1. Among the candidates GLY266, GLY274, GLY262, single out the residue that is touching a helix residue (DSSP H, G or I) at 6+ places or on another chain (Cβ under 7 Å) and either over 18 Å from GLY16 (Cα atoms) or at pLDDT below 95 (or both).
2. Can you name every residue in the range 262-288 that is loosely packed, with under 15 Cβ neighbours inside 10 Å, assigned to a loop (DSSP other than H, G, I, E, B) and either of a type outside the set (Gly, Ala, Ser) or touching a strand residue (DSSP E or B) at 6+ places or on another chain (Cβ under 7 Å) (or both)?
3. Kindly indicate whether any position in the range 132-151 is within 28 Å of ASP105 (Cα to Cα), near ligand 1 (Cβ under 8 Å from one of its atoms) and touching a helix residue (DSSP H, G or I) at 6+ places or on another chain (Cβ under 6 Å).
4. Give the range 201-220 a look and list any residue that's in a helix (DSSP H, G or I) and open to solvent by 90 Å² or more (accessible area, probe 1.4 Å), or say none.
5. Inspect the range 224-235 for any residue being within 14 Å of ligand 2 (Cβ to nearest atom) and in contact with a His (Cβ under 6 Å, 6 or more places away or on another chain) and give the result as yes or no.
6. Name, by its number, the condition in (1) part of a loop (DSSP other than H, G, I, E, B); (2) open to solvent by 30 Å² or more (accessible area, probe 1.4 Å); (3) more than 13 Å from ILE277 (Cβ to Cβ) that does not hold for ALA306.
7. Would it be correct to say that ASP174 is acidic (Asp, Glu) and either within 28 Å of GLU81 (Cβ to Cβ) or surrounded by 15 or more Cβ atoms within 10 Å (Cβ to Cβ) (or both)?
8. So which pairs qualify, if the first residue must be in the range 153-174 and more than 14 Å from ALA122 (Cα to Cα), the second must be surrounded by fewer than 15 Cβ atoms within 10 Å (Cβ to Cβ), the Cβ gap must be under 9 Å, and the two must be at least 6 apart or on different chains?
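The values are calculated or read from the model by the stated rules, or taken from the named source; none is laboratory data. Predicted model only: the values in this text are computed from it and were never measured. Cβ placement follows ideal geometry from the backbone for every residue including glycine, while neighbour counts extend to all protein chains displayed. What goes into the accessible areas is simple: the full protein's heavy atoms, side chains included, and nothing from ligands, DNA or RNA. Shrake-Rupley method; radii C 1.70, N 1.55, O 1.52, S 1.80 Å.
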Amino acid sequence: MQFETEYSLKPHNSFGFDVKASFWASAQSIDDIRDAQRFCQENSLPLLVLGEGSNVVLVENYPGLVLKIAIQGKAIIKADEAKVWLKVGAGEHWHSLVQWTLDNDLYGLENLALIPGTVGAAPIQNIGAYGVELQASFYSLDAVCRETGELVRFNKDECDFGYRDSVFKGALRDRYIISHVTLCLAKTPDLKTDYGDIKTELVSMGVVVADAKSVAEAVARIRQRKLPDPEVIGNAGSFFKNPIISHEKFAQIQVKYPNIIGYAEGDLVKIAAGWLIEQCGWKGYRSNDAGVHDQQSLVLVNYGNADARQILDIAQKICSSVRDSFDLELEVEPRVYGVGVR
Ligand code: FAD
Ligand code: EPU
């Protein structure tokens, strides 16, 4: 295993922040992960795990080892009449996996097409889009304990998935490095086309009878229209989670703001944070190279040479305006790394 020094992280974070790692290595196997842990212990270095860096805010140079998880491979480990259990290396690219499942007549991931990042990062925040979350197809994961080097299997319940949340963002934060994820996929599709613009998009594509591939394509087309491509404009997708509040509080806000966008989810209502931010006048805001996307206010952007502090400064101001106008708290979605930030 090779350890590089003074390694630029600019190509490894989708915001494109120009920061360096004191050390960098790429893990192709569980043994590599353990080697990296040993290297950190022997040299008293902190360890930061990265997939494709599409959900991180790197505030400054990292004074330790940044370990990219690059474990590849897919294997069908079990099948019955209706389902297939597929074990995937954590370093596989998520969207390539979605395409591979569709090419192999395996279903469940179609609405999650084109989400950036790796398979190993997907359980960290239980990725979700267009009415589906990872947890619907998740079976288990294998992860190396950062303290003992032991390989541990977590089943779905143990991951404690929630909206953009899992045990790995809470009680077990920074305690495990995911090496493999096992998904349970269906042999026959159960299409979910009720969310947002999927049906309209299928019509505009000329699709008469939808199948899983056309749903994935519809989702990809909507995403490409709405979200900035990090290759062109640096970003980490939604910068904030959509707040979840009681029906009572929603009704109170509705009195003053009848157009507020909220989606009932059982006893609670999920509010469109993008709408809140737009109402506060932030859509399209720009200060030097840091800004708020002009099509989607939930996405903060780096037009070229912004640094993380400029983005965090805008984020803080957005939180204050949303608090003042709506009495709602916004929670940052990506993981922020820097001194004094946990
Ligand atoms: P990274 O950014 O590298 O890491 C994210 C966090 O996970 C870090 O804390 C890291 O330490 C940890 N981590 C990564 N890999 C491992 C591992 N193997 N073991 C342990 N910890 C690990 N997300 C959605 O849910 N839905 C969306 O629709 C969506 N759209 C997006 C659109 C754009 C344009 C962008 C840029 C991002 C979007 N995201 C979305 C966020 C992002 O794609 C996901 O969070 C993705 O899972 C991150 O993968 P990654 O490999 O880039 O993780
Ligand atoms: N809206 C506005 N103004 C804006 C942005 C949005 O009024 O500036 C309105 C839209 O018109 C729409 C509603 O808000 O009526 C919701 O917008 P959208 O469908 O774009 O979805 P979102 O709630 O902003 C969430 C996820 C995305 C995911 C999409 C599709 C979160 C935090 N974000 O965005 O996930 O792709 O739904 O399911 O839940 C991510 O997590 O990084 C991410 C991109």
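1. Numbers: GLY266 fails: touching a helix residue (DSSP H, G or I) at 6+ places or on another chain (Cβ under 7 Å); GLY274 fails: touching a helix residue (DSSP H, G or I) at 6+ places or on another chain (Cβ under 7 Å).
Being touching a helix residue (DSSP H, G or I) at 6+ places or on another chain (Cβ under 7 Å) and either over 18 Å from GLY16 (Cα atoms) or at pLDDT below 95 (or both) holds for just one of GLY266, GLY274, GLY262, which is GLY262.
2. ASP267, GLY284, ASN288
3. no
4. Start the filter on the range 201-220 by keeping residues that are in a helix (DSSP H, G or I), which leaves 201-204, 212-220.
Matches in the range 201-220: VAL203, LYS213, GLU217.
5. yes
6. (2) is the only condition that ALA306 fails.
7. When the stated conditions are applied, ASP174 does not pass them.
8. ARG173/ARG342
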